[in-house]
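Here's the structure, in structure tokens; my notes come after.
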Protein chains: 6
Amino acid sequence: MSRIDGRTPQQLRPVTIERGWSKHAEGSVLVSFGDTKVFCTASVTEGVPRWRKGSGEGWVTAEYSMLPRSTNTRGDRESVRGKIGGRTHEISRLIGRSLRAVIDYKALGENTVVIDCDVLQADGGTRTAAITGAYVALADAVTWMQEHKLVKAKTQPLSGTLSAVSVGIVDGVPMLDLAYEEDVRAETDMNVVCTGDGRFVEVQGTAEGEPFERHKLNALLDLAVAGCAELDSIQRAALAG
Amino acid sequence: MSRIDGRTPQQLRPVTIERGWSKHAEGSVLVSFGDTKVFCTASVTEGVPRWRKGSGEGWVTAEYSMLPRSTNTRGDRESVRGKIGGRTHEISRLIGRSLRAVIDYKALGENTVVIDCDVLQADGGTRTAAITGAYVALADAVTWMQEHKLVKAKTQPLSGTLSAVSVGIVDGVPMLDLAYEEDVRAETDMNVVCTGDGRFVEVQGTAEGEPFERHKLNALLDLAVAGCAELDSIQRAALAG
Amino acid sequence: MSRIDGRTPQQLRPVTIERGWSKHAEGSVLVSFGDTKVFCTASVTEGVPRWRKGSGEGWVTAEYSMLPRSTNTRGDRESVRGKIGGRTHEISRLIGRSLRAVIDYKALGENTVVIDCDVLQADGGTRTAAITGAYVALADAVTWMQEHKLVKAKTQPLSGTLSAVSVGIVDGVPMLDLAYEEDVRAETDMNVVCTGDGRFVEVQGTAEGEPFERHKLNALLDLAVAGCAELDSIQRAALAG
Amino acid sequence: MSRIDGRTPQQLRPVTIERGWSKHAEGSVLVSFGDTKVFCTASVTEGVPRWRKGSGEGWVTAEYSMLPRSTNTRGDRESVRGKIGGRTHEISRLIGRSLRAVIDYKALGENTVVIDCDVLQADGGTRTAAITGAYVALADAVTWMQEHKLVKAKTQPLSGTLSAVSVGIVDGVPMLDLAYEEDVRAETDMNVVCTGDGRFVEVQGTAEGEPFERHKLNALLDLAVAGCAELDSIQRAALAG
Amino acid sequence: MSRIDGRTPQQLRPVTIERGWSKHAEGSVLVSFGDTKVFCTASVTEGVPRWRKGSGEGWVTAEYSMLPRSTNTRGDRESVRGKIGGRTHEISRLIGRSLRAVIDYKALGENTVVIDCDVLQADGGTRTAAITGAYVALADAVTWMQEHKLVKAKTQPLSGTLSAVSVGIVDGVPMLDLAYEEDVRAETDMNVVCTGDGRFVEVQGTAEGEPFERHKLNALLDLAVAGCAELDSIQRAALAG
Amino acid sequence: MSRIDGRTPQQLRPVTIERGWSKHAEGSVLVSFGDTKVFCTASVTEGVPRWRKGSGEGWVTAEYSMLPRSTNTRGDRESVRGKIGGRTHEISRLIGRSLRAVIDYKALGENTVVIDCDVLQADGGTRTAAITGAYVALADAVTWMQEHKLVKAKTQPLSGTLSAVSVGIVDGVPMLDLAYEEDVRAETDMNVVCTGDGRFVEVQGTAEGEPFERHKLNALLDLAVAGCAELDSIQRAALAG
């Protein structure tokens, strides 16, 4: 049962996480899941949006975007079109919400971290690669804040670790970390965001063709939880490196 | 273990589906889940978007919007702000994708159905009420198309039935069909779209506070499947009425 | 001389005004002039726009919009197109200006009332139905403000009552309250906004086909003044109800 | 009873109409009503908008705009703000609708005339000056079309002449052609568009302060009709010049 | 070697500068270079943009725009299209930057001057005509500020004079102040902004067809410097007038 | 006379050009001038914009953008702001115009190449790095077109080679290839685009502080011509590699 790139159904693509990819950002990562490459930066600013001022709590938000030729056919720039598309909006919100699930706002203090995830090359799974890379950029930004005394000593704004992976059913077989060609053919497509201790932060499953049964959902969740555990190790290794 | 409005955790709010709420639209429904009221219209046009022309296949799409004072505090109109917000984009996409899961494009022929879901009054669960009502409006539009010979005799563009419900964990208790006040306090929030035969079309779970364990996910899915079965009966009754 | 729906030229369509149509808004009305149905809400907020701060005076403004399928053919959403059309702008301005003619800004104090008029179903005369319903929603909002002590005791922010009606010349005959089919055929089209004591707030007459003579203008004004008087009674009955 | 600039209540400001103010446009006029100066151009193109193709009928439309410093205080450019304001929309629509009232679409053939009215200096009455000047630019463009055989021989696309003037009640006195300072103080403000034979094309009256009685409306209409007759003579003289 | 309009290659078109063209603006000029006519206004406001507050320094900025029918074929309004085009942006920036080169921010104090350059009729060289006229409008605005004590006595916010001209190589011949027809045929096109003492503020040369050699660049600069010296005299005469 | 990074005034920063940086684009390059890093892709599509159809000639255009955190302080995304800033417009136009100067449209045939230049990290000179990299991406795209028979055998759409560099006067000293810190302090700033045979395609000089004399302009042009010659060698080496 071999896949288009020779992987087993349970196998991730080669995942690399390169830190320090920007000289300006407080945290920055180039993450790749096979040919999917996402550049993630974490930008720290003192202060919070107006609606949060005086709360003593911080804020984390994210923006996702694809470079025009990150895909096989060039797409129009959203800046040129003058508006952000629904898919971009949806993924930006997903990334921000996921990261906030592992943030202790009180410990962060009235500081804001903006995560930018720009897809340099797309081959399926850009949103899950983005979350996986964004967590590492965020972790570096938090360390930077600790070093620069923006957060109080002995507080830890990160309440957990976070990674994400896509799973799907292709030709009836549940598979981990779909490449673009597999994604297009998938009957069911799911993105799962987990903490390092195996709990769920987001579960988004979609029937692309046929509606799917509960046992298929379960099989996909099993695969995803295992995949996230593996990604957690890769993140830890990168942060230790 | 009683809820703010006296329901049991497994209980839906009173659900009503009034058909024929517009004299213009080919299908139209006012759906209410308690105090949440959504006006759904289905508009049929011959022809399909350009990228689909000549395929022999139809198209279904949806747009969701909230009236400015459907909520407790008046919100700005997106038309006045000049752009659609991320949440609106996300829900419009969810509704359209869900409905397309029960459409046989070939049987629909080169016709387009646009579903508009406008929230007149919001009290939690607007997107799931919208999907539940939209399905009925779509069913009426399909009947209209059959009567007007826009689809071939003996073909059935609808390949299944569809309803949706929100579930969540509030104060540690899994609950069905959250009202706004419950939704705000929920630790985990999930929207589930099911076909009438109990299969999944969309599963979207989000940790609002703490990440959640697999067993909680399972409890929520159990509640949602039961809720959708009940909604399916209400839809059938409305369509038979 | 009977009209398409059997009315006499001097006859209004059946007019209904249902108050309390929203659980959130300080004033809310579903108004119908025959098949034209407009949902009007009045939203109160303390404070005024920046340019009016410190004046001790309040502000009233309005926004008008049509649901996409309120008309016979579905129209694009202005939020999706990213801009508001000229007709929408024009009518929103007309409604706001008309309502402000019966407001005593000093008595209102530094409070703002925003009136939203959303057309659920259109069959001619949406702007005049909107003004007629909006006045009732505004009156309810003012009562709410008095009950909640937002305006001083013994002051009355409303300096008069207000209703509006369309008139036009169809096949040479001046007619009151045109339905859509009549409106399309009208040679001259006029919208008149009156106070309850029969004075004019707005008079907008347009030659759709031929320019019109002074005596026709006079005949139309006579019809409109009588129509507004009738609407005034209906509004009073609704507010007394 | 003398006015701020020494005029009688029944007197127009000095009105000048200079033709041929652009070397590019098929018709062009600099019109001034006292210190109000509007540059009007008429641009002819063969063909009509898509929705009118094949009808054999032409189209006339107009756009109005104010230069940023045409007013006492500089206003933001609408191009920079990225959207057109309600007032601009409303006046553009009024100008186009008024001009179309004196156009015979059949005689115009499938040609389009776009009228641009750009206010170079504003001192009240810009919309009525614009209509008065635009008519002359349109007349020149029609002559150009006849000379260039864009319309058939012996056909006359203009079915009448057109001018416009503002009237209002200031300190209880009905006055013709209000300057800005008078306009600001007016209790009632009215814009009237007439054909050369004294019929009405548009009548737009607004209570700025108090609602107004029928006799005041009549007095204003009398003034406006006389003013338009005078403007008609000035237009004829300009076109004869 | 005569040009389309009979000029020698070294000759400017007739240049006129009429001051006081607006009753509202603090400085205003109608500048013409042959058939190119640009209306320039300078608007003074006390205070500076937020990012400059408290600096004790002033600000000068500019906006350029073409009326829709200033050109041979009518162009869409940027306000209607909802966005500013690249060319407009580029020229607005050029004008503002050029004017700021002769402004002493300290002497200007915390005041802002906005220069609006609206092209009434275009025949090549609109941006250079705009800069040449804008300088005169700015000079008048500065005088106005001195008279109204907005700048301190004995300070001079203008640190020099400024004019601009286009040059280009047409049919192999370097020419001064290109008319539109020449501009279209030019192989190389250059816009040069000089101070009155012959120094450069902006040099922008573009190969429209073939790349150009250093000696051609030099020949064009020689022409431009001479042209600007001549413009400087015309400006001085206008300001003395 | 050493610079902040130890270079001599005549010295470029280390320049690297990595080809094949995208698996999707027909040409792609990561170019770096010191810490300035720009990702350039060339996307080929058959056909040309509508206004060029049937001409037998091709088209080349470019879009430039900065990632939000490519700079020291995070900037807002233009897609989120809903409009493109003036600087972005200006640089996109410069890149496109420059590349078109070395394109033989006839030889290109009716094909379009879009060049995207996305700044990953900025440290001065992003537009000149972008042009230098874009040329190499374009050359690779042209080779791809030749291999895929999109252009006719034995035709060469590239009529020359192209590179660009910034020069400026810092503390009175003319310097080549300014880093950000130098650029900020420069009195005069110039961007020069040259062909490989030393001719000029664009010369854009700006007085940031004081207007500049002719001899300074000459000194800067000498530096720029030498810098471009060096860049030409680096490009050739990269293309040969």
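Given a Förster distance of 35 angstrom, what is the FRET efficiency for F:LYS53 paired with E:ARG236, based on the Cβ-Cβ distance and rounded to 0.05?
0.10
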For B:GLN156, the net charge from surrounding residues (Cβ-Cβ under 13 Å; K, R +1; D, E -1) works out to +2
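Lys and Arg at +1, Asp and Glu at -1: add these up for the other residues within a Cβ distance under 14 Å of A:VAL44 and post the number.
Residues close to A:VAL44 contribute a combined charge of -3.
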What's the Kirkwood radius of the range C:53-185 in Å, using all Cα pairs?
-> 16.4
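Find, to one decimal place in angstroms, the Kirkwood hydrodynamic radius of the range F:114-160, where the mean of 1/r is taken over every pair of different Cα atoms and then inverted. Could you put the intermediate results ahead of the total?
On the way: mean 1/r = 0.0823 Å⁻¹.
Radius from the Kirkwood sum: 12.1 Å.
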Mind checking the range E:1-107 for trypsin sites (Lys or Arg not before Pro) that DSSP puts in a loop (not H, G, I, E or B) and that have at most 14 other Cβ atoms within 10 Å?
-> E:LYS23, E:LYS53
What nm distances, shortest first, do you get from the label point of B:ASP76 to those in the other copies when the point sits 7 angstrom along Cα to Cβ?
-> 1.1, 1.1, 2.2, 2.3, 2.4
Value in Å of the Kirkwood radius, where the range B:16-78 supplies the Cα pairs that are averaged | 14.4
Work out from phi, with θ = phi - 60° and the Karplus expression 6.51 cos²θ - 1.76 cosθ + 1.60, the ³J(HN,Hα) of each residue of the range F:188-195, listed in order in whole Hz, and give x for Gly and Pro.
-> 10, 9, 9, 10, 10, 10, 10, 7
Let a ≥ b ≥ c be the square roots of the eigenvalues of the Cα gyration tensor of the protein assembly as shown; is it rounded (a/c under 1.5), or, if not, prolate (a/b larger than b/c) or oblate?
-> oblate
If only Cα atoms are counted, what is the Rg of chain A, and what is its Dmax, in Å?
-> 17.9, 57
Diagonalise the Cα gyration tensor of the range E:55-103 and give the resulting equivalent ellipsoid semi-axes, square root of 5 times each eigenvalue, largest first, whole Å.
-> 28, 12, 8
For the range B:168-241, taking Cα atoms only, what is the radius of gyration to one decimal and the Dmax to the nearest whole Å?
-> 13.2, 44
Relative contact order of chain A, pairs being alpha-carbon contacts under 8 Å that are 6 or more residues apart, as % = 21
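Restricting to the protein assembly as shown, what percent of DSSP beta bridges are antiparallel, rounded to 5?
Around 85 percent of the beta bridges assigned by DSSP in the protein assembly as shown are antiparallel ones.
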Taking every Cα atom in the range E:118-241, find the radius of gyration and the maximum pairwise distance Dmax, and write them in Å.
-> 16.5, 53
Return the distance in nm (one decimal) between the two label points of a simple spin-label model at A:LYS154 and B:ASN218, each offset 7 Å from Cα along Cα→Cβ.
-> 4.1
Could you work out the equivalent-ellipsoid semi-axes for the range F:1-128, taking the square root of 5 times each eigenvalue of the Cα gyration tensor, largest first, in whole Å?
-> 30, 19, 14
Partnerless Cys - chain B, beta-carbon criterion under 4.7 Å | B:CYS40, B:CYS117
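Within the set of other residues whose C-beta is less than 11 Å from the C-beta of A:LYS106, count the net charge using Lys and Arg as +1 and Asp and Glu as -1.
So the environment of A:LYS106 carries a net charge of -2.
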Could you list, in their original order, any pairs among E:LYS149/F:LYS83; E:LYS53/F:LYS37; D:LYS23/D:LYS152; F:LYS37/F:LYS106 whose Cα atoms are separated by more than 28 Å?
-> E:LYS149/F:LYS83; E:LYS53/F:LYS37; F:LYS37/F:LYS106
Go ahead and set up a Gaussian network model of chain C, Cα springs under 10 Å, then flag whichever of C:ILE131, C:ILE95, C:ILE169 fluctuates most.
-> C:ILE169
Hey, for F:GLY198 with labels 7 Å out along Cα-Cβ, what do the inter-copy distances come to in nm, ordered shortest first?
-> 2.8, 7.3, 8.5, 8.5, 9.6
With both partners inside the range E:52-189, how many of the DSSP beta bridges are antiparallel, as a percent to the nearest 5?
-> 45
Among beta bridges that DSSP assigns inside chain A, antiparallel share in %, nearest 5 = 85
Using unit Cβ charges (K, R positive; D, E negative) and no other charged atoms, how large, in debye to the nearest 20, is the dipole of the protein assembly as shown about its Cα centre?
-> 0
Kyte-Doolittle cut-off 1.0, length cut-off 30 Å along the helix's own axis using Cα: show which whole DSSP H helices in chain D pass.
-> none
Connecting every pair of Cα atoms under 10 Å apart in chain A and solving the GNM, the largest mean-square fluctuation among A:GLN11, A:GLN204, A:GLN146 falls on A:GLN204
Relative to the other copies, what are the label-point distances for D:ILE4, with labels 7 Å from Cα along the C-beta vector, expressed in nm at one decimal and sorted shortest first?
-> 4.7, 4.8, 5.6, 5.6, 7.3
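Any read-out appearing in this document is the output of simple, stated calculations on the displayed coordinates, not a laboratory observation. Everything quoted here is computed from the prediction, not taken from an experiment. Neighbour counts run over all protein chains shown; Cβ positions are idealised from the backbone, glycine included.
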